[in-house]
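Taken together, the values in this text are just the output of simple stated rules run on the coordinates, not laboratory data. Since the structure is predicted, the reported quantities are computational estimates derived from the model, not experimental observations.
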């Protein structure tokens, strides 16, 4: 006789919630229970914060290109003459690239100053905790 396909049990309750069965495999080790094993693997794969990277001309150009294309579409709709709108496109792009780069550079330097001030305050607080109060 041919074996029939096994059906899985429906584990939903009357409210429609499906409750998980829990762990069915081997018992977790002490390190896995405490979460130490998870922490070591995630520490290796930590991505650097995008805001901590200095700006590049390439990123400024790509952002400016997107803004210039949006400006081109708006200009085509408003001016009604595609030739004039297309003539504005390179001018807008040339203006947007340095504005975008120097704005990013200003924000990057401002963030670095804030991080340095916060680290200095944290170090000063630690130094104050270490010195015995008389």
Mean projection of the alpha-carbon convex hull of segment 55-130 over all orientations, in nm²?
6.2
The alpha-carbon center of segment 63-80 and that of segment 103-118 are separated, in whole Å, by 31
